[in-house]
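J.: Take a look at the following structure, please.
Rule-based calculations on the coordinates, nothing more; no lab input. As the structure is a computational prediction, the values presented were derived from the model and not from experiment. FYI the Cβ positions are ideal-geometry reconstructions off the backbone, even for glycines, and counts take in every protein chain you see.
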Amino acid sequence: MKQRPDPNEGGPAAWQFPGDPPLPETLPTPGRAPRAALQPRIEKAPDGLPWPLPRIAVDTSEQRPWAFGYVPAPWTEGAPVHFGKLAKESLVNERLGGPWHCERANLREGDYQLLGVDGKPIPLWSVVERKERDLVSSLTSGRDRLEAEMERLKGYRDPVLIASMSTEALLSGRGDRHTAGKEWALIGTLISWSRRYRIPMHLMADRTWAEYAGARHLLGSWREWLTGDLARLALVREATRPCSFCEGEGSKPGGPVCACNDGKPPPAQGAA
């Protein structure tokens with residue numbers, strides 16, 4: 001039986017038997033694909049048009065919420081999620097077509113839900129957020145509260161928990177000095193709860209990636225919700241159609257005030 005030559009001697013040509021097809025002059029170099037190949041492709045909805053962007057309901061208790069492409073507004077009672085200022089670094093804007101429409105709502109469970117065109121949250125999908133300072137306490141002294149919330153979320157279609165704290169940070173004991181040396185217990189709790197309640201738990205490196213993960217989850221849920229009823233998709237398109245007067249850009253400084261009321265003539269300046 002013929003033995004192949006030592007692959008460490010003679011280069012690629014020495015790896016062949018006599019009669020094998022010739023090797024190409026240059027072998028492909030392993031590595032990441034060119035950036036152009038990584039650009040997101042434009043996906044179409046069932047009606048053949050680009051997908052409408054999600055609408056998000058943010059719980060009123062969130063003091064520094066994800067704003068899905070905007071800079072969050074300082075929290076006060078009754079304050080909106082944002083004042084319209086775009087975030088300089090946002091993966092929602094860069095990768096998911098943001099910014100997205102989001103507004104405050106009193107959610108029964110979770111911190112973020114899809115928002116219907118009637119202005120009411122859609123209670124089928126929910127995202128629970130835990131900031132770095134909250135995650136460890138939610139797994140230790142506040143575990144009863146989080147576990148009770150997860151028990152209630154079992155009736156939801158596709159809930160998820162996303163934390164702004166990486167696994168490395170959790171294992172380093174950075175979250176709480178009282179848990180140093182007991183990180184194994186925290187990991188055990190996460191795995192046990194994810195199995196018991198069938199709720200995925202994602203630990204992200206920082207707030208930017210946590211917001212992106214939550215947005216990506218809600219985006220998939222939004223498209224699933226629209227795909228289930230084409231009449232619903234048509235209703236969303238009609239409700240989110242840009243105003244024919246301002247093309248969705250709203251009023252401009254020094255220009256006429258646009259009510260964005262389906263292209264009807266805008267009210268006169270100063271009109272009530």
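J.: Classify the range 63-123 as rounded, prolate or oblate, taking a ≥ b ≥ c as the square roots of the eigenvalues of its Cα gyration tensor: rounded when a/c is under 1.5, otherwise prolate if a/b is larger than b/c and oblate if not.
T.: Oblate, since a/c reaches 1.5 and b/c is not below a/b.
J.: Which FRET efficiency value, to the nearest 0.05, do you get for Ser192 and Asp134 by plugging their Cβ-Cβ distance into 1/(1 + (r/R0)^6) with R0 = 25 Å?
T.: The computed FRET efficiency comes out at 0.85.
J.: Tell me, what is the FRET efficiency for Leu124 and Gln63 to the nearest 0.05, using R0 = 22 angstrom and their Cβ-Cβ distance as r?
T.: 0.30
J.: Note down the net charge around Gly98, summing +1 for each Lys or Arg and -1 for each Asp or Glu among other residues with Cβ under 14 Å from its Cβ.
T.: Here the count lands on +2.
J.: Right, something else. Using each residue's phi in the range 198-207, evaluate 6.51 cos²θ - 1.76 cosθ + 1.60 at θ = phi - 60° and report the 3J(HN,Hα) Karplus result to the nearest Hz, with x for Gly and Pro.
T.: Karplus-based 3J(HN,Hα) across the range 198-207 equals 6, 10, x, 10, 10, 9, 9, 5, 7, 5 Hz.
J.: Check Ser126: other-chain or 5+ apart residues with amide H under 5 Å from its amide H, H built from backbone geometry?
T.: Asp158, Val160
J.: May I pose another question? Need the full-extension length gain, Ala205 to Phe83, defined as separation in residues times 0.36 nm minus the C-alpha distance. One decimal, nm.
T.: 41.3 nm
J.: Mind ordering 146-155, 95-104, 72-81 by average Cβ neighbours within 10 Å, highest first?
T.: Highest to lowest by the protection proxy: 95-104, 146-155, 72-81.
J.: List every residue whose amide H lies under 5 Å from the amide H of His82, counting only residues 5 or more places away in sequence or on a different chain, with H placed 1.01 Å from N in the peptide plane.
T.: Under 5 Å from the amide H of His82: Ala73.
J.: May I pose another question? Using r as the Cβ-Cβ distance of Arg95 and Leu230, and R0 as 30 Å, what FRET efficiency do you calculate, to the nearest 0.05?
T.: After rounding to 0.05, the efficiency reads 0.65.
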